[in-house]
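For reference, the structure is listed below as structure tokens.
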Amino acid sequence: MFKLNYICFSLLICALLSSCQKTTEETELDQERLTIVMGGDADYYPYTYLDDSNKPAGLDVRILQAIAEKINADLKIELGSWSETLEKLENDEIDIVPMFKTAYRQHEVMYAVPHKNRYYALFGTASSSYIKSISNLNGKPVYVQKNTAGHEWLRKTIGHSNIVAFDDIYDVYNKIQNNNENYILNEAVQFRSFLKKNDLKLLSIKSPPLVSYDYGFAAKSGNNELIQLINLGISAITESGELDIIMKEYELDLNPRSFFYYIFIYVLLIIVLFVLASIVYKYRIKIKVVGKTLTEEGIKRIEAEKRVIYLKDYDEFTGLINRNKIKKELSKLIESNSDQFIGFIQLSIIDYTDLFLNIGESATNDLEKNLAIKIKQNNINNVGTISPGKMGVILGPHETKDIIINHSKALFGNLNDTINLGKNNIDIRCCMGLVIYPDHADNVETFFRHSYLAHSHALASNSKFCVYDKSLEPDPKKIRLVTDFRQSLVDDEFSLYYQPKLDLKKNKIIGAEILIRWVHHQFGFLPPMTFIPLLENTGLIKELTLYILAKAMEKQVYFKEQGVLLSINVSTRDLTDQVFVQTAIKLTEHFKSIIMIEITETAFSNDYKMFIDNVHLLKEHGFHFSIDDYGTGYSSMQYLRDIKPYEIKIDQSFIKNIIGSNEDEILVSSTVNMGKGLKARVTAEGVEDMEIAKKIKKLDCAYAQGYGIAKPMTEADFIDWLKKSSFDI
Ligand code: C2E
Ligand code: CA
Ligand code: CA
């Protein structure tokens, strides 16, 4: 199932770059067409349900079909009960399930951009009392479909006692239709429509909205690529207007207009016309407009029509041209200047959401207007609003590509400045993704897609400025590595190498770091840095770490007898993963032992507390901790204080050139002192020769690791080497 996510990326790329030359690898991948498997509740009309001929139909099916077409994928639908559906998602039997976005679920799954928001309310029989708030239920039972967002909310709000969770809605309907003491909690709009369509008339809504949630497509946590792909599809069907049509048809399906509705509109129209005619007759107000005589009502109508025309091309809030108009301008420019270069920038204001929350909507609109004025002062005519906080800027036409690049760099430099808003001066920072015609895009659609990609890369980069390049597209080799990963684990393509750590004072080997090696059946030897970051980004790293941990646990029994403490590298991502932490703890039940976990310092935000809690939990179960690559990254005193590591490993960059570097000497000495204060052992990494070993020993650093002592070796070589090696430093 997972494999498909990555194949789909390559298919999308191939589809979008069909004009480009393809490598053999890409062509091979091309032949495998992506299938997305969507699951859902068969009875959950009208999001996901079976139609009269037992075929999947309904809102989500239609939206996902439209998305699948855009991203060149097949859609397979497997409906069942809701509980089965969640189980299948967990077991990777299905890729996508549409569901409400609750706080709890966000730990388990990840969501694409939501397409709906709906609320839950209580339903009861005609004689059931109206319940104003869930606390007014007074012990009456509430029925709710198992494991739904509503079920989750009830458990949190009233506890388990009165909840009756069920799977089959028809069963429950039969049970409670005559009992005015019972209620069902259900999503209000669709459930009302479900009752109506199935002619189940005895239940009706009996409470105000109690809780509301966004609703959208969810995939299992870690499936980032699939979600990104779905999001690309959503933005494609949003831009093409398909989503709008599907949503409107769905609303109409929920609330079909009755015959009386049309009669009502007809009668209303006649009355309006009659009233208008009598006003005209009574006042006979005549105004000259463009040489014609019009009534006051006529003027209003013209104003309204003018506004509709205005809004087609202009943003209602900033008054700048909108996405639609930018696209028109771009295609006009492409048509009339096919031999020149045209640039298009997606530009965003960094921290726009914070600004919006702090200074309010109208001030952020003014901010955008002022920014647009500033942009226009840079000899630019077309600036518009793409979405709140995001603008589109057209550059050129110009004679060369360099003019466009230099122009946008100059613009970027000018914009990171203070903008004056009445009493307030606001410092803004911008982020830009640039794409250039004809090199990067030859039509408006690709202009937008590629500038979107460049903008996302810019956001993630330090410079906040990025020019589109093919290399920004997901790399087919990387896709292969990710898709092959699990099979490679089974096929034993991974092996553990050991690199010793030397106690410089006792001249004795006291530890070894386990480093992973992957010999891929097609690409051959792969250095860890080519696949570790990839596995981290896709959430697969956990499986590799657990594989290494399980092996290391077995081996450490032998090495402990030799006085060697084994350490493994663990990604910080693993340490915020409860499955990883629990599995690691379980392993300690079988192998009572000590293993050291080397963690690289990384920036933490929301999950910092969970990370530290897990470190302490693992410590309680016998694990030691080491801070890897100390001195690089985001080291902070708080981090050291919170972890209280067993070991601090000074990064190689401070050790390799220490001979003759006064600064490195000072840094190493001060780290050694700090280590003493914290009661942590300090190990120098990257000790490439004996001269360095002697030097760091002089600086009172007691432990060393590096090629000068030994390179990483296979287990058999390491055992052999341990017997033979001796040191005198
Ligand atoms: P690291 O944890 O800092 O590991 C030390 C790296 O430096 C290893 O490279 C090692 O071979 C290399 N090295 C050791 N002594 C010397 C020396 O004297 N001179 C030089 N130039 N290099 C030396 P390797 O094995 O290529 O690993 C690179 C990185 O990949 C590791 O850096 C670690 O961050 C990551 N890595 C390796 N194995 C694993 C693993 O099992 N799990 C995770 N999460 N990451 C791993
Ligand atoms: Ca390490
Ligand atoms: Ca290191």
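Restricting Leu16, Leu89 to residues that are surrounded by 14 or more Cβ atoms within 10 Å (Cβ to Cβ) and at pLDDT below 90 narrows the list to Leu16.
Just to be sure, is Glu368 acidic (Asp, Glu) and buried (at least 18 other Cβ atoms within 10 Å of the Cβ)? It is true that Glu368 is acidic (Asp, Glu) and buried (at least 18 other Cβ atoms within 10 Å of the Cβ). In summary, strands (runs of 3 or more DSSP E) completely within segment 356-465 and bearing 2 or more residues that are closer than 24 Å to Glu335 by Cβ and either at pLDDT below 95 or out of contact with any Gly (no Cβ under 6 Å at 6 or more places or on another chain) (or both) occur at 382-387, 390-398, 430-437.
Residues that are in a loop (DSSP other than H, G, I, E, B) and either among the aromatic types (Phe, Trp, Tyr) or at pLDDT 90 or above (or both) are absent from segment 61-84.
A single entry from Ile692, Ile648, Ile696 fulfils the requirement of being of a type in the set (A, V, I, L, M, F, W, C), buried (at least 20 other Cβ atoms within 10 Å of the Cβ), at pLDDT 95 or above and within 15 Å of ligand 2 (Cβ to nearest atom): Ile648. Only one entry in Lys206, Lys156, Lys220, Lys175 is under 19 Å from Thr48 (Cβ atoms) and among the basic types (Lys, Arg), namely Lys220. The set of residues in segment 651-688 that are exposed (fewer than 14 other Cβ atoms within 10 Å of the Cβ), within 22 Å of Ile510 (Cα to Cα) and of a type in the set (Asp, Glu) is empty. The test for being away from ligand 1 (no atom under 15 Å from the Cβ) and either within 29 Å of Ala702 (Cβ to Cβ) or within 21 Å of the chain's Cα centre (by Cα) (or both) does not hold for Met529.
Matching residues to (1) out of contact with any helix residue (DSSP H, G or I) (no Cβ under 8 Å at 6 or more places or on another chain); (2) closer than 17 Å to Glu647 by Cα:
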| site | (1), (2) |
| --- | --- |
| Phe559 | yes, no |
| Ser571 | no, yes |
| Ile585 | no, no |
| Phe591 | no, no |
| Glu598 | yes, yes |
| Glu620 | yes, yes |
| Phe625 | no, yes |
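Quick one: in segment 549-564, of everything that is of a type in the set (A, V, I, L, M) and surrounded by 20 or more Cβ atoms within 10 Å (Cβ to Cβ), which residue is farthest from ligand 1 (Cβ to nearest atom)?
If we filter segment 549-564 for residues that are of a type in the set (A, V, I, L, M), which is where we start, we get 549-550, 552-553, 557, 564.
This time we only want the ones that are surrounded by 20 or more Cβ atoms within 10 Å (Cβ to Cβ), so: 549, 552, 564.
Working: Leu549: 9, Ala552: 9, Val564: 17 Å.
The qualifying residue farthest from ligand 1 (Cβ to nearest atom) is Val564.
Let's see how each residue does on (1) away from ligand 1 (no atom under 16 Å from the Cβ); (2) among the small types (Gly, Ala, Ser):
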| site | (1), (2) |
| --- | --- |
| Gln638 | yes, no |
| Ile643 | yes, no |
| Lys656 | no, no |
| Gly660 | yes, yes |
| Asp664 | no, no |
| Ser669 | yes, yes |
| Val672 | yes, no |
| Gly677 | yes, yes |
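Checking the stated criteria, Asp728 turns out to be touching a residue at least 60 places away in the same chain (Cβ under 8 Å) and assigned to a loop (DSSP other than H, G, I, E, B). Would you say Ile169 is of a type in the set (Val, Ile, Thr), surrounded by fewer than 18 Cβ atoms within 10 Å (Cβ to Cβ) and either under 35 Å from the mean Cα position of the chain (by Cα) or within 30 Å of Thr576 (Cα to Cα) (or both)? Criteria not met by Ile169.
Here Ile516 fulfils each of the conditions (1) more than 18 Å from Asn223 (Cα to Cα); (2) part of a helix (DSSP H, G or I); (3) at pLDDT 95 or above apart from (2). Checking each residue in segment 487-516 for being farther than 29 Å from Asp728 by Cβ and within 16 Å of ligand 3 (Cβ to nearest atom) picks out only Ile516. Restricting attention to segment 529-544, the residues that are within 16 Å of ligand 3 (Cβ to nearest atom) and either surrounded by fewer than 15 Cβ atoms within 10 Å (Cβ to Cβ) or modelled with pLDDT of 95 or more (or both) add up to 2.
The values are calculated or read from the model by the stated rules, or taken from the named source; none is laboratory data. Source: prediction; values computed, not measured. With ideal geometry, Cβ positions are generated from the backbone for all residues, glycine too; neighbour counts draw on all protein chains shown.
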